[in-house]
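This report concerns only the one structure given below.
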Amino acid sequence: MAGKRTGTSPPSGGNKMTGSASARIQSTQAKGGNDTGKGSFPARVQSAAARNTNAGSAAGAGAGGKAGGAKGNKA
């Protein structure tokens, strides 16, 4: 099949990385004594989870990312 790409291309849709899955992967790797620093698999997973979270919240949250509430009104 000419033209079909395989390998490193990201999935189109499919399962998205979540924050809890990212934390689980990072924890497992750290407990196993594996590298969790910049450029490692757990770091890339964490970045993907953050991108997915930000992409979902950008739809209606506005510039601050927090919704509602008056500031400074303490009873």
Mean Cβ neighbour count within 10 Å, used as a protection proxy, ranking 29-39, 45-55 highest first: 45-55, 29-39
Stretchable slack from THR18 to ASN52, in nm (0.36 nm times residue separation minus alpha-carbon distance): 11.5 nm
Environment charge at ALA43 (Cβ cut-off 14 Å; Lys +1, Arg +1, Asp -1, Glu -1): +2
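Bear in mind these aren't lab numbers, they're just calculated from the coordinates by the rules spelled out. Note that the structure is predicted; figures quoted are calculated from it, not measured. Note that we place each Cβ from the backbone using ideal geometry, even for glycine, and neighbour counts take in every protein chain shown.
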